[in-house]
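Just below is one structure, and these are the notes that go with it.
Every number in this text was worked out from the coordinates using simple rules, so none of it is lab data. Here the structure is a predicted model, which means the values were calculated and not measured. So basically every Cβ, Gly included, is an ideal-geometry build from the backbone, and we count neighbours across all protein chains shown.
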Amino acid sequence: MKKKIIVHCLFLLISTFSVSAQTKWGKGFAFKQNKKMGRGVNIIGYDPLWKDSTKAIMKDEHFELIKKAGFSNVRIVISPFKFSMNDSTYTINPNFFISLDWAVKTALKNKLIAIVDFHEHNAMQKDPIATKPKLLAMWKQIAEHCKHYPKEVLFEIANEPNMKPEVWNNIHSEAYKIIRQSNPKRTLIIGTINGNQIKHLKDLTLPEDDRNIIVAIHYYSPIQFTHQGAPWSVKNKDLSGIEWTQSDNEMQAVKLDFEIAQEWSKKYNRPLTLGEFGAYEKADMASRVKWTNYVARQAERNSWSWSYWQFDSDFILYDMKSQAWVEPIKNALIP
């Protein structure tokens, strides 16, 4: 009888310790990671380096410039679907990992947090169920490949999952389990559906006992302003001349959106990262500067990390042709 009591007491002690450790982890670690992420920028999503490293536009020195400018993270945009070597096993071409390793290691070398962002939303939204096995198989390979990287490397399960909430909750739950097998302590980023919109935070279901998760939202509101003239934006590609003057009503609209997100964050004790925001080049520069600065400062007031969209290609922060910062945007992000 005594033996049973002792065993039971030990079990209770171990259980209490485990819960306490998990609670301690939950109260601090993901929030600390998010604080370290701070200010950042999306990189290399459309760089030719993925197909041919000799044609890379982004070089080692650009990571140095990003760090010196005052940024703390880079969100590495990856599109692994293009590197599938086999339709049954979805084996990823080794060349993909050469480029990924270079980006991650160069970020770490420059003391930048590296976010590995699975950026296949266009393919996934066409048929989420059909692409699910491919995503899971590829995450298994990526997670296994990256398992020895330090805690400064984070995994974002999927960018802008444009699908029904129940479908996304099922997909990210399965991806989560696969990643946790090889990366039990890796900080993960899981975003909301339909463009990572704030209004869909309420639809996100997360593993309650795992607090090492940061939740991603994106912000491009008002879309008529931020996406005017953008050729891929069907409803806004023909718009022009729309300004953002930082009027009381315009600022209040941003504040109200961010308050919804912040209330959710506090209620569920989950840190938030603003994984994308930006205004397309067809908007006038004065309006872009005001909007960009205001959004970034509001995010910081809420203690969110952020990653501007994006370093080059479009919405650009850095002009690769002239090898110079777009100073008004850089100064709007980091005054």
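At a glance:
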read-out	value
Cross-link pairs K164/K202; K55/K330; K67/K147; K32/K185; K140/K267 - those with Cα-Cα distance over 22 Å	K55/K330; K67/K147; K140/K267
Cα-based equivalent ellipsoid, the stretch 96-155: semi-axes from gyration tensor eigenvalues, Å	25, 12, 9
Helix 60-69 vs. the chain, principal-axis angle (Cα, 0 to 90°, nearest 10)	90 degrees
Positive minus negative residues near P231 (Lys, Arg vs Asp, Glu; Cβ under 13 Å)	0
Rounded FRET efficiency, nearest 0.05, which uses the C-beta distance separating N86 from D209 and R0 of 22 Å	0.05
Distance (nanometres) between label positions extended 7 Å along Cα→Cβ at D248 and N95	5.9 nm
C-alpha long axis of helix 248-268 to longest principal axis of the chain, angle in °	10 degrees
Separation in nanometres of the label points that stand 7 Å from Cα toward Cβ, at K151 and S313	3.1 nm
Inter-site label distance for L256 and K68 at 7 Å from Cα along Cβ, in nm	4.4 nm
Hull volume in cubic angstrom per residue (convex hull over the Cα atoms of the stretch 32-333)	127 Å³
Length gained when the stretch E144-D284 is fully extended (0.36 nm per residue, less Cα-Cα span)	45.9 nm
For the stretch 191-244: Kirkwood Rh in Å [reciprocal of mean 1/r, alpha carbons]	13.2 Å
Lys/Arg +1, Asp/Glu -1 at C-beta; the chain dipole; positive extreme among A286, S240, A69	A69
Largest-first ellipsoid semi-axes for the stretch 174-305, taking √(5λ) over the Cα gyration tensor eigenvalues, angstrom	31, 17, 12
Helix-derived mean residue ellipticity, 222 nm - over the chain, DSSP H n ≥ 4, -39500 (n - 2.57), to 500	-15500 deg cm²/dmol
Around K36: net Lys/Arg minus Asp/Glu count, Cβ-Cβ under 12 Å	+4
Reference-scaled alpha-carbon Rg (2.2 N^0.38 Å with N residues) for the stretch 112-219	0.99
